[in-house]
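Trainee: Here's a structure for you.
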Amino acid sequence: MALVASIHVDAGWVLPDASLKTIDGDNVNLHQFMGEKGLLVVFTCNHCPYAKAVWPRLVRHAKTLRELGVAAIAVNSNIHPDYPEDSVVAMQRKISEWSIDFPYLADESQDVARVFDAQCTPDIYMFDADAKLFYHGRIDNYWKDECKVTREELIPAAQAMVLGKAAPVPQHPSIGCSIKWKEEAK
């Protein structure tokens, strides 16, 4: 398990016009998930200890975000023959097991992760109602044990975004396992 941090992406970066697949194999576009006030896109997976530790928070926070008008999706770019725990079939099981009530999408080509320059699981991007990047950071200040969190970061950023306030500064990078690239970009 290689620990990797998300990299800086400039605020205002526009949500790309990118396609993914549902776990049923249907093609979908990122823009169709946009909520009235924005969209949270989280690159994640099933097997990474960092991702597994924050999944319960992500599921809970997605409900809070919906109440604010911000939709949420999760994207699995770790669909790799060497990681069967991250297969589409495994994703289907985790949706039920973890009570994921928002889209968990498959990036089998890894093209969407490359467009985002996603680095780790989880890697978190929140776009405003104009589809411009508002927040790229972590959920809170302690990934490993939710009981030890002393500062929420994602939800306050969403609240600021919805109220038209400035984005939080600094935005601390998310950390997690590296995305399991099928092959290096050429």
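Trainee: Every residue in region 27-58 that is in a loop (DSSP other than H, G, I, E, B) and hydrophobic (A, V, I, L, M, F, W, C), please. Let's see the steps before the verdict.
Mentor: To start, the set of residues in region 27-58 that are in a loop (DSSP other than H, G, I, E, B) comprises 34-37, 45-48.
Passing the criteria: Met34, Cys45, Cys48.
Trainee: So which residues in region 134-144 are surrounded by fewer than 20 Cβ atoms within 10 Å (Cβ to Cβ) and either part of a helix (DSSP H, G or I) or touching a residue at least 12 places away in the same chain (Cβ under 8 Å) (or both)? Give the derivation first.
Mentor: The first filter runs over region 134-144 and keeps only residues surrounded by fewer than 20 Cβ atoms within 10 Å (Cβ to Cβ), leaving 141-142, 144.
Listed by number, the residues that qualify are Asn141, Lys144.
Trainee: Search region 132-186 for residues being aromatic (Phe, Trp, Tyr) and under 26 Å from Arg114 (Cα atoms), and hand back the single one that is modelled with the lowest pLDDT. Outline the logic, then answer.
Mentor: Keep residues of region 132-186 that are aromatic (Phe, Trp, Tyr), which gives 134-135, 142-143, 181.
Now restrict to residues that are under 26 Å from Arg114 (Cα atoms): 134-135, 143, 181.
Details: Phe134: 98, Tyr135: 98, Trp143: 91, Trp181: 94.
Among them, the one singled out is Trp143.
Trainee: Mind listing whichever residues of region 64-102 are part of a helix (DSSP H, G or I), farther than 20 Å from Asp26 by Cβ and in contact with a Gly (Cβ under 9 Å, 6 or more places away or on another chain)?
Mentor: Looking only at region 64-102, we keep the residues that are part of a helix (DSSP H, G or I), and these are 64-68, 84-86, 88-97.
Right, trim to farther than 20 Å from Asp26 by Cβ and you get 64-68, 84-85, 97.
Passing the criteria: Leu65, Arg66, Leu68.
Trainee: Where the second residue is basic (Lys, Arg) and at pLDDT 95 or above and the first is under 14 Å from Ile124 (Cα atoms) and lies in region 149-172, which pairs have Cβ atoms under 8 Å and are six or more apart or on separate chains?
Mentor: Glu153/Arg138; Leu154/Arg138; His172/Arg138
Trainee: Just name the residue that is nearest to the chain's Cα centre (by Cα) out of those in region 64-107 that are among the acidic types (Asp, Glu) and surrounded by fewer than 17 Cβ atoms within 10 Å (Cβ to Cβ). Give the derivation first.
Mentor: Filtering region 64-107 for residues among the acidic types (Asp, Glu) gives 67, 82, 85-86, 97, 101, 107.
Subsequent filtering for residues that are surrounded by fewer than 17 Cβ atoms within 10 Å (Cβ to Cβ) retains 67, 82, 85, 97, 101.
Numbers: Glu67: 18, Asp82: 22, Glu85: 18, Glu97: 19, Asp101: 14 Å.
Here the answer is Asp101.
Trainee: What number of residues in region 154-186 are more than 14 Å from the chain's Cα centre (by Cα) and in a loop (DSSP other than H, G, I, E, B)?
Mentor: So the answer is 17.
Trainee: Of all residues in region 1-26, which are part of a loop (DSSP other than H, G, I, E, B), touching a residue at least 24 places away in the same chain (Cβ under 8 Å) and charged (D, E, K, R)?
Mentor: Across region 1-26, the qualifying residue is only Asp10.
Trainee: So for region 12-22 (the condition being hydrophobic (A, V, I, L, M, F, W, C), within 24 Å of His172 (Cα to Cα) and over 15 Å from the mean Cα position of the chain (by Cα)), does at least one residue qualify?
Mentor: Looking for residues that are hydrophobic (A, V, I, L, M, F, W, C), within 24 Å of His172 (Cα to Cα) and over 15 Å from the mean Cα position of the chain (by Cα), one finds at least one in region 12-22, hence yes.
Trainee: Would you call Ala158 aliphatic (A, V, I, L, M), surrounded by 14 or more Cβ atoms within 10 Å (Cβ to Cβ) and out of contact with any Leu (no Cβ under 9 Å at 6 or more places or on another chain)?
Mentor: Details: aliphatic (A, V, I, L, M): yes; surrounded by 14 or more Cβ atoms within 10 Å (Cβ to Cβ): yes; out of contact with any Leu (no Cβ under 9 Å at 6 or more places or on another chain): no.
Taking the combined requirement at face value, the residue does not satisfy it.
The values are calculated or read from the model by the stated rules, or taken from the named source; none is laboratory data. On a predicted model such as this, the values are computed, not experimentally measured, just so you know. Every residue, glycine among them, receives a Cβ derived from its backbone with ideal geometry; neighbour counts consider all protein chains shown.
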